[in-house]
Each structure stands twice: as structure tokens, then as C-alpha cells.
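Here is the structure we will look at, set down as C-alpha cells.
The values are calculated or read from the model by the stated rules, or taken from the named source; none is laboratory data. Just so you know, these numbers come straight off a predicted model, no measurement behind them. Cβ placement follows ideal geometry from the backbone for every residue including glycine, while neighbour counts extend to all protein chains displayed.
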Amino acid sequence: MTMQSAARKRGRPTKNPKVQSSAEESQTLERFLGPTPLLYGEDEEGYKSFHDNFRKQIGPHDLVDEIYIRDVVDQTWEIHRLRQIRIGTMRKGQIQAVRQYLDFDQSISLNSSQRDLVRNKMKLNLESTLECLQKFGVPLADINARAFKNESEMLFQIDQNMTRLEVRRNFTFRELERRKSFFAKKIIQVVNAIEENENSRTISSPTPLAKEG
């Protein structure tokens with residue numbers, strides 16, 4: 001009697017060795033790959049879901065594939081973060097541009113009551129402020145151009161970092177594609193070898209003819 005059958009006989013639950021092995025492999029892999037790039041407050045479940053879906057689509061063959069998959073997921077996550085930072089930076093530039101229009105720029109034809117109304121809108125949110133300025137004839141394109149100028153140095157650094165991450169990610173994509181192609185060719189070679197072996201056995205051992213009555 002095995003230990004598992006004895007445990008079942010005594011009514012104690014037994015652990016599935018395959019499930020346990022898979023969980024241990026997953027924990028070992030996580031320790032090897034290191035911590036995720038998540039910052040405080042970022043969506044941990046969203047990251048895990050993205051990683052699991054991408055990994056499922058790729059279908060890793062070995063540890064090297066796992067490393068490449070993790071690289072692509074982390075780089076994509078960081079690119080998404082930088083895009084959010086870029087949006088926030090442009091919004092900051094827009095706020096500064098509105099203040100410049102109100103406090104320093106005399107080229108726009110806003111009277112004092114209109115300027116006061118825009119200032120009150122700024123206490124609410126940026127969207128209503130921009131909408132109010134548009135109604136007073138201030139083009140949104142002008143505000144965005146000034147916002148870009150105000151934050152051009154920061155935006156340039158963000159774009160540089162996004163480009164660097166995208167280049168690295170594209171390289172990793174190509175490596176994954178190359179490895180998938182390699183494994184596909186390898187599988188085809190193995191299948192062909194098996195078929196050739198079976199064919200040679202069939203030819204070398206012909207089916208005997210039935211004897212006549």
C-alpha cells in the first residue's frame with residue numbers, strides 16, 4: 001500500500017503532485033525573474049492578467065522564452081506608464097499656459113470679467129477652463145502649443161525613454177518570433193523523421209499475400 005492510498009483510506013486529503021510541481025515551478029520562475037516593475041498604486045491584477053494572456057498566446061518552450069516574455073510585458077507596462085506621464089505633463093503645461101494667458105498675455109481680447117470667469121473655472125477643472133476659453137475665442141491649438149513649449153524638455157525626455165523601450169521591445173518580439181519559427185521547424189523535422197521511419201518499416205516489411213485455396 002502506497003502512502004497516498006493509505007492517506008485516502010484514513011480519509012486525509014492528498015496533494016496532487018502535478019499541481020504542486022507546477023506551483024513550485026511558478027514560484028521558482030518568479031524568484032528567478034525578480035520583482036515586477038509595478039509602482040505603488042498601479043494595477044497589480046491588470047499586470048498579472050496582461051502577463052498571463054501574453055504568455056498563453058506565446059506558449060513558452062523553455063526558460064529563455066520565459067525571460068523574453070517577461071521582458072516584453074515589463075517593457076510594454078513601462079511604455080504605458082510613460083504615456084500616462086506624458087498626458088499628465090501636457091495637462092500641467094496647459095494649466096501653465098492658461099495662467100500665462102490670464103496674467104501676462106495681453107494679445108487675447110478678454111475683458112476683466114471674462115478673465116475672472118476663467119479663473120473661477122480653473123478652480124473646478126481643466127476641461128471646463130479650456131471650454132470657457134474656446135467660447136471666448138482662444139484657439140485650443142494655441143494653448144496646446146504653449147503647453148508643449150512650457151514642458152518641452154520633460155516631454156523630450158519622456159519620448160526618448162519611450163523610443164528606447166519600444167526599440168528593446170521590438171527586438172524581443174523578433175527574438176520570440178525567431179524562436180517560435182525554430183521550434184516549429186524542429187517539430188516538422190521530428191514529425192518528418194518519424195513518418196520516414198514508419199514508411200521505411202512498412203516498405204521493408206510488406207504485407208504477405210493470402211495463399212490461394
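Count of segment 61-97 residues, restricted to those that are within 15 Å of the chain's Cα centre (by Cα), closer than 19 Å to R179 by Cβ and of a type in the set (D, E), is 3.
Residues of segment 107-137 that are of a type in the set (A, V, I, L, M, F, W, C) and farther than 12 Å from Q94 by Cβ: I108, L110, L117, V118, L124, C132, F136. Do the conditions hold for A141, that is, is it without any contact (Cβ under 8 Å) to a residue 12 or more places away in the chain and more than 24 Å from K180 (Cβ to Cβ)? Yes, satisfied.
When you look at R146, is it among the charged types (D, E, K, R) and more than 30 Å from P35 (Cβ to Cβ), yes or no? Criteria met by R146. Within segment 176-213, restricting attention to residues that are closer than 30 Å to D65 by Cβ and acidic (D, E), the residue that is modelled with the highest pLDDT is E177.
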